[in-house]
Amino acid sequence: HSYISPARWLNNKAVACVSPAAHLGELTGPMTVSVTVSANGGADWAASSARFTYTPTLEASLSPDFGPQHGGTVLEVHVPRRFGDADDIEDYRVEACCFGIPATVLVPAVQLAEGHYQCTTPPWPRAPAVVSVGVVEADGRCQPLPRALFSFVEKWRITRMYPTEVSEQQLGNLELLVSGENFRSYKDALCRFGDADGLVSDAVVLESGDSLLCRVPSGLSLVDVPRGKTIEISVAINGVDFFRGDPPMLLRISPGFVVATASPSHVYVTGQVPVTIHGSNFGSDLRVCIFGEGDSHVQVQLAALSSEREAVCLAPPWTFTHANASMERVLVRLAPDSIGNALPSTAHITYVAIPEVQVLEPREGPVEGGTRIRVVGQHFRPSAPAGVEELPAHAPLRCVFGSRESPAIVLSDTELTCTAPPVESTYRTSGTLAAFAVRLVPAHAPPTDDYTTATPGQKQQITFYYRRFVCSFSQVEPLSGPEFGETLVSLRSDYPLLNSKLLKCVFGDVAVDMFLVSSYEATCMSPAYYKPGVVELTLTTDGQNRMHIGPSGSPLHFTYYLTPTVSQATPSFGSASGGSIVQLAGSHFINDGRLTCRFGTVDVRAIRFISSQLILCKAPKQAPGTVMVTVSNNAQNFSSRSDVTFLYYDLMFFHLHPYLGPISGNTSVTIESETPIPEGAASMIRCRFGDLVVIGEYLDSHHLKCIAPAVVTPGEVTVLISINLQDWTEASQKYLYYEQPVIKTVDPPLGPTGQALSIRLLGTNFISTDFLTVRFGGVSVEAPGIYLTQPGVAPTTTEV
């Protein structure tokens, strides 16, 4: 083969040309050809003994392909063997590396093995700069290496590292995050732990370009260094040039961390409570707390590292893994950055469902406090499932009344009690509405709006109303009642009453509703009591605290008595015009100003208390008829039934037969009544002739009889009749008293038996009356059939 190339004349002794490309074909070694020159374009070639050898194309690779501008990077140059004949290898040994085209800097090359050389990069005047790299063989010429480029870059620098302190347990799979400047992605980046002889591990430059991850080599340990050690970290982005940090990046390896316990042991699911984690050898690189495991874990920032034995985290809100759960045990760990390098831990806390208040009884009370509250709800004392620690018995719950609190006494998971504290003086005059809640000590965070049903919590707002009440009453009556209760007690207050269903009257220990009649008036119905006696009458505004309602706040008492009964009324009848004094016999009467008699439906106060078995009442005016008679000791509670009745009779008209008699009296006067006379009046009939009263006799329902008493002076007198010893009714006529007639002469003194004969009687004191009668025969005592009577006429007092 011949290859022709243009030539350039230099002088009469030198010509320059460029060797043309040659094809070696199947040759594996060099090919030597003759070289001649033609001055006439190839027509004539000069004879020549010059030779030129073609060699195979030079192939090589560099590692690394970048380094710092100040040089010093040890390059690994790999030049594959190009010749099949080993005898010629020495002629093509690389003597130096050349940088730049044309070659500007040559540096010696050190052969490590056949085709493997090392060169140290020279300083370069600028950076960044990409420079071609070639090799110099035995002929002394710089032969560029195809695609062999070296980048001079600014020196990379470490600015920070995380973590800076780890425990021995973390070394197995720990990665350090190293940040800095002038980092670039390179597959062979390295981190070195310690000095030039330290352990080296691979590094991965992150996409951001300013950070890399270094895996801590497994050879690090604290053997023979029980108190820990500190190692400096350097980085070779190109895998060769290690640079330290400024200041140095130091990794502190401490003896094993121990995370042992956490307190408090129980936290509400709302979280936001400081949790103190106890252990040993905690490092300053700890940054996060991890609650839970697997996909359900929650990571929060470390709140404080108090010492190497104590760290504080703010417990995050928690959602129970299982629906309807009320407690869940959760693992607590510490880590420098994430769950991937969390420290081993035996610390746990138990999340507890928030106490939920559903019912508050009562829901209001006085501003002075003291109201005993019954709270019904759930999660007051949850039962721990298997494997979960029970809520400590001493774990205190508190009732919250707005800004005020009081201890709670937990009775069960669904019930507790507490006492309302007093309000501040600011609210004493008007009262205030307070939001009510139950919380654990220390305080928990309030539930957020995004809580799901899987996380139990308060579903509705519960309030407690503090009411102001001034207890001052001008009147409370009656203050007594029967043992069966039902006495309506009226109260009149000096100040407006509370319009509250919790305002109640308390009889002894029994509370009853109070009903408002007006802003100042109210009533209470006394409850039944098991026996007679005296109980204290008080008021309550919350069902518990009691207030005295007597004058100036003194105690007031209510007397329970046996129900009074009436066994007899004397008299048992009287005029419809009223006024009859009736003596009532019975039992359980009380000497009280409200002692009252009831005639039918009309009540009158008793006029006299004689004993617990005897009283006097004045019958009220009523319509004629029979009414039931009952008695009340308090003018209110009367027996519902009584066998004693009182008869009201209508206006009575009495007629006298005869209506006159001698002053010597002893005249039997029959008194006729137009209205029926009670049979019970038999022993109480009295007749009054003027000023003289005589006992009468009951004949039948329409007739009475009285014997006219003797008088001294003749004349008319008024006759009054009483059938009940009290009510007197005037007879329709007056009674005429006259001198006893005296017969001195019968003219004629004799006459025939077979015919009537007019006879004139002469004497004194004769009077003209329809009843004037002459008796022939007989004696002064009437005897049927032994005397005859004959009407007479008395024209004068001396003649009949």
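The values are calculated or read from the model by the stated rules, or taken from the named source; none is laboratory data. Everything numeric here is computed off the predicted structure, so don't read it as measured data. Please note: Cβ atoms are built from the backbone with ideal geometry, for glycine as well, and neighbour counts cover all protein chains shown. Quick note on the areas: whole protein, heavy atoms, side chains included, nothing else; ligands and nucleic acids left out. Shrake-Rupley method; radii C 1.70, N 1.55, O 1.52, S 1.80 Å.
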Between ALA109 and residues 5 or more places away or on another chain, the pairs with built amide H atoms under 5 Å apart involve ALA96, CYS97
Kindly provide the trypsin sites (Lys or Arg not before Pro) of segment 309-375 that DSSP labels as loop, not H, G, I, E or B, and whose Cβ sees at most 14 other Cβ atoms within 10 Å. ARG309
Taking R0 as 30 Å and r as the Cβ-Cβ distance between GLN740 and ILE695, the FRET efficiency 1/(1 + (r/R0)^6), rounded to the nearest 0.05, comes to 0.80
Which cross-chain or sequence-distant (5 or more) residues have an amide H under 5 Å from the amide H of PHE66, H modelled 1.01 Å from N in plane? SER151
Mind checking the dipole of the chain: about its Cα centre, +1 per Lys or Arg Cβ, -1 per Asp or Glu Cβ, Debye to the nearest 20? 1840
Once phi is turned into θ = phi - 60°, what whole-Hz ³J(HN,Hα) does the Karplus curve with 6.51, -1.76 and 1.60 give for every residue of segment 171-184, x standing for Gly and Pro? 5, x, 10, 7, 10, 9, 9, 10, 10, x, 10, 6, 6, 8
Which one of ALA528, LEU584, TYR561 has its Cα pushed farthest toward the positive end of the charge dipole of segment 498-616, where Lys and Arg give +1 and Asp and Glu give -1 at the Cβ? LEU584
For SER49 and SER179, calculate 0.36 nm times their separation in residues minus their Cα-Cα distance, and state this gained length in nm to one decimal. 40.3 nm
With x for Gly and Pro, the residue-by-residue ³J(HN,Hα) of segment 609-615, computed from phi through the Karplus equation 6.51 cos²θ - 1.76 cosθ + 1.60 at θ = phi - 60° and given in whole Hz, is 9, 9, 7, 5, 10, 8, 9
Where does each of 641-650, 612-621, 537-546 land if you order them by average Cβ count within 10 Å, highest first? 537-546, 612-621, 641-650
What ranking of LEU112, LEU651, LEU584 comes out by heavy-atom accessible area, probe 1.4 Å, highest first? LEU651, LEU112, LEU584
Treating only the Cβ atoms of Lys and Arg (+1) and Asp and Glu (-1) as charged, compute the dipole magnitude of segment 502-562 about its Cα centre; round to the nearest 20 debye. 120
For segment 187-249, the accessible surface attributable to carbon and sulfur atoms (probe 1.4 angstrom, ligands and nucleic acids excluded) amounts in percent to 50
For segment 468-559, what is the relative contact order in percent, using Cα pairs closer than 8 Å and at least 6 residues apart in sequence? 32
Given charges at Cβ of Lys, Arg, Asp, Glu: segment 638-760 dipole, positive-most of LEU656, LEU750, GLY690: LEU750
Hey, what's the chain come to in accessible area per residue, 1.4 Å probe, Å²? 51
With point charges of +1 on the Cβ of Lys and Arg and -1 on the Cβ of Asp and Glu, referenced to the Cα centre of the chain, which listed residue (PHE257, GLY665, SER179) lies farthest in the positive direction of the dipole? GLY665
Pull up all non-local amide H partners of HIS703: gap of 5 or more, or a different chain, and H-to-H distance under 5 Å with H placed in the peptide plane. SER673
Using every Cα-Cα pair within the chain, state what percent have a distance larger than 35 Å. 76
Loop GluC sites (Glu not before Pro), segment 628-733 (other Cβ atoms within 10 Å of the site Cβ: 13 or fewer; DSSP): GLU674
Quote the charge dipole size of segment 310-421 about the Cα centre in Debye, to the nearest 20; the model charges only the Cβ of Lys and Arg (+1) and of Asp and Glu (-1). 80
